[in-house]
Structures are given as structure tokens and as C-alpha cells.
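Data first, discussion second: the structure below is written as C-alpha cells.
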Amino acid sequence: MQRHLMDQNVTEAGARRRQISFAFVWFGLVFTFGWMVLTALSGEIEVFLIGAQAFSGFALVRLFKTRLPLVWANTCWLTSTNVAIFLGACVVHPTGQVDIMLIPMVGFPFAVFSIYRDRFHIVVLVALPVVLWAVWFVTQGNWPLIIGEATAERIYAPMAALTAFSTIVYPVLYFAIVSAQHSLEIKRARRDAEQSSRAKTVLLSGISHEMRTPLNAVIGLADLLRDDAQRSGDVRQAEYANRIMEAGETLLATVDKTMHFADIAARRTSVTLAPVRVALVIDRVVARYQEEALRRGVLLQVEDTKATVLANTALFEDALGQLVENGVRYCGSAGTVWVQVKSERAGYHRITIADNGPGFGAVDPALAFAPFERLAHATGTTFGAGMGLALARIKAEAMSGTVGIDFDVPSGARVWIELPASIEAAAS
């Protein structure tokens, strides 16, 4: 869904750039055609040919509108326009101020190119008018002037000033309109996201409650079947019933996590925070997952710390437990999980859970914390609903903290939870 929205935003941005590009093309066609008419009537053939050269660039882009990629269409008319202005400045007396039209051409690439995908074209077409103006400034005395000083001052100077002003105002107005539209789109998207989140929370809560009753019935009946099979000596039947119980309990745990996530996501009341010793919480979490770590052959290593954070003990323990559980499950057999505490920035303590497993790989950071999103490192036979990171983050945020992932590690995975340091502990 998120990828679809990103692709849709890119498509809409491309459509807006295409609209503004061809608005400039129409403006250029009208302007250069008028230039050609005036110079043809006045008999200034050389200047007429310069206008025709600029007109041909716009006409070519308009003619091949559906066949020419937008980036090359913009490159074509921008290059043609810059060269035409440069040639006009060379043959018109400097009092005509034709060269000032090169100034607003520097801003055009930012309006018609994507700053993310077309950076090379932006750099080239920003540098082009600057280089052309520098060449004109250095060599202006060496060009044969076709338009004299009187005509240049009377006709060309006002036209150049008006053109430069219009080419500056046009992009400014466009960006103002686009900014206003973008602001409205952001507000609309935020409103839709809030409505979607509320609907999702209600749906998750309702479905989870409805699933608990039949799951408890399945687990209870499987327990009865296992007891009957054990009394009758049917080992195979007892093993089958035991597997049903294990699967049901695992699924019930996932349902409980889903309900927990929905409840926290819907919570609007404040969370009571108090000084909490990090070492005590880490010890409880490690003790909770020590048996599973031994069963998987995973070594849990904990670093001593005297840090104290401002947190809710239950939420802190649950959030840290989610991260440790992920490390134990996904680091692989005979792996190692480290729990370390550092102060990466003033006023906060960071508890890092690192492992030497396969890591996250080339995953989109936005998807890492999306609920029910199982990442590449979680594929295979390891069971999980993709709720661990999402639950940990939403609990940390309820305590004015955050959860993050370091994607720049050479191997393994490194996830951390950062919480405010306790002021009382720091003072003592």
C-alpha cells in the first residue's frame, strides 16, 4: 500500500512537471513567433533567424510531445532558448540588455526537472546560461553589431526587461500555486490516514476479540484429546494433539499482540512515567527469553549499566522484550545477541540489541516498522506476524522515546530503543 502511494505521488509530480513544461512551451512559441514577425517586418533578417532558431526548439518539442521523453523535451527547448538569447545579446547593442534574459533561465530547470532523478540535467542547464553570459561578457566587443544603439535602447531594452520579468514571475506564480495545492494534499492525506488508522484499530480490535473464543476452544479441546490419548497409551494421537495446542497457543499470542497494538494505537490518555533502572528491566527481559535462547543455541550477552531512564516500567519491559525476542528468533542457531547501553545524545539513554545473524538486508526503512510486514530476514519457517518492531516503537513513543534500526552495520542486525534519561538520577 505504501509503495503504491509513493508510486502515485511520483506519477502526480511527473504530471505536474509535464503541465508546467508545456505551458512554458506554449509561452515560448507565442513569444518567439511574435519576435519573428517583428524582425521580419523591420528587415532584421539575422535577428529573425535567431528567433526562428528558438521557435524551432519549441516547435520540435510540441511536435514530438508524445514521443519525446519529458527530460529530453525540456533539455531541447531550454538549450535552444539559452543559445538564442546568447546570440541575440551578441548581435544587439549592449544597451538593448538582451543578456539579462539569461538570468531567469537559471531558475527554469528547477521547475521542469525532478530534483531527485534529473540532477545531471539540472546542473547542466543551470550552468549553461551562466557560462553563455560569461562568454558574452568577455567577448562582447568582438561581435559585429547588427542592431544599433538607438534601436536597441528604444525597442530591445524594454522588450528584454519585460521578458525577463515575465519569465521570473511565471515560475514564481507556478510554485506558489503548487505549494498551496501540495499543502491541501498533505492535509487531505493526513485526514485520510487518521480515518484509516481509526478504522483499522476498530477492525483489529473486533476481529481479535472474535478470534479469541474459538482459539481458546481449540486449545481446550486439544488439551482434552492429549489427556485421553496419554491415558489410552496412544503416543501418536497425543503428539498430534500437542502440536495442535502449540499452534493454537502461538496463534493466540499473535492475536493478543494484535489486540495490544490496537489498544495502544487507540489510546489517547497520557502514560505515567517514573525513574526506572535499566539494568533491572534488562535482567527481567533476559530471564524471560533465556530458556528460548538456550533451546535455539543462542548466547545472550548483557553489558552492565547504572543508567536510569524516565519510563513506564511495563511499557519499557514489553518494548525491550519485543526487540530481544526478535534477536533471539532471527539471529540463527549458535548466534549471539548483545544488549548494550550507551548515551548517543544528551538527555537520552540508548539500549541497543545487536546480533550476528543475517540482518535486515536491503529493506525499505518505512516498511521495517509497518505492522504485519514480515521482512526479508523473517522469511522461512520462523513464525511471526510482523508486529514486534511496530509494537516496540509505539510503546517507546508513548514514553517520549523512539525505536530505530542501524542499517549501516556490515553484518547482523542492530536495533535500539532510546528513552529520556532520568533527571533525578543524573543529579545524584
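The values are calculated or read from the model by the stated rules, or taken from the named source; none is laboratory data. Worth saying up front: this structure is predicted, and the values here are computed from it rather than measured. Here the Cβ positions follow ideal geometry from the backbone for every residue, glycine too, while neighbour counts run over all protein chains shown. Quick note on the areas: whole protein, heavy atoms, side chains included, nothing else; ligands and nucleic acids left out. Shrake-Rupley method; radii C 1.70, N 1.55, O 1.52, S 1.80 Å.
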Taking residue 19 as the residue in question, decide whether it is open to solvent by 10 Å² or more (accessible area, probe 1.4 Å), in a helix (DSSP H, G or I) and closer than 25 Å to residue 147 by Cα.
no
In this structure, does residue 68 turn out to be more than 17 Å from residue 32 (Cβ to Cβ) and under 38 Å from the mean Cα position of the chain (by Cα)?
yes
Which numbered condition residue 39 misses (of (1) surrounded by 19 or more Cβ atoms within 10 Å (Cβ to Cβ); (2) within 23 Å of residue 124 (Cα to Cα); (3) among the hydroxyl-bearing types (Ser, Thr, Tyr)):
(2)
If you go through the stretch 402-418 one residue at a time, how many are assigned to a loop (DSSP other than H, G, I, E, B) and touching a helix residue (DSSP H, G or I) at 6+ places or on another chain (Cβ under 8 Å)?
1
Residue by residue through the stretch 82-117, note down the ones that are more than 24 Å from residue 169 (Cβ to Cβ) and not β-branched (Val, Ile, Thr).
87, 90, 93, 94, 116, 117
Just to check your reading of the model, which residue among 217, 199 is open to solvent by less than 80 Å² (accessible area, probe 1.4 Å), in a helix (DSSP H, G or I) and modelled with pLDDT of 80 or more?
217
Can you give me the number of residues within the stretch 134-160 that are part of a helix (DSSP H, G or I) and open to solvent by less than 50 Å² (accessible area, probe 1.4 Å)?
8
So which residues in the stretch 34-90 are under 17 Å from residue 145 (Cα atoms), modelled with pLDDT of 85 or more and hydroxyl-bearing (Ser, Thr, Tyr)?
none
What single numbered condition from (1) within 22 Å of residue 79 (Cβ to Cβ); (2) open to solvent by less than 90 Å² (accessible area, probe 1.4 Å); (3) under 42 Å from the mean Cα position of the chain (by Cα) fails to hold for residue 120?
(2)
Residue 99 passes all but one of (1) part of a helix (DSSP H, G or I); (2) charged (D, E, K, R); (3) farther than 20 Å from residue 149 by Cβ; which number fails?
(3)
Residue 422, sole failed condition from (1) at pLDDT below 85; (2) open to solvent by 20 Å² or more (accessible area, probe 1.4 Å); (3) out of contact with any helix residue (DSSP H, G or I) (no Cβ under 9 Å at 6 or more places or on another chain); (4) within 30 Å of residue 274 (Cβ to Cβ)
(2)
Close pairs (8 angstrom Cβ cut-off, 6 or more residues apart or separate chains): surrounded by 19 or more Cβ atoms within 10 Å (Cβ to Cβ) in the stretch 93-113, in a loop (DSSP other than H, G, I, E, B) and of a type in the set (Gly, Ala, Ser) anywhere:
93/148
Screening 294, 310, 300 for residues that are open to solvent by 20 Å² or more (accessible area, probe 1.4 Å), part of a helix (DSSP H, G or I), at pLDDT 90 or above and not small (Gly, Ala, Ser) leaves only 294
Candidates 67, 62 - the one that is in contact with a Leu (Cβ under 7 Å, 6 or more places away or on another chain) and among the basic types (Lys, Arg):
62
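For (1) in a helix (DSSP H, G or I); (2) open to solvent by 30 Å² or more (accessible area, probe 1.4 Å); (3) out of contact with any Leu (no Cβ under 6 Å at 6 or more places or on another chain); (4) free of Cβ contacts under 8 Å to residues at least 24 places away in the same chain, each residue gets a yes or a no:
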site	(1), (2), (3), (4)
55	yes, yes, yes, no
73	yes, no, yes, no
78	yes, no, no, no
128	yes, yes, yes, no
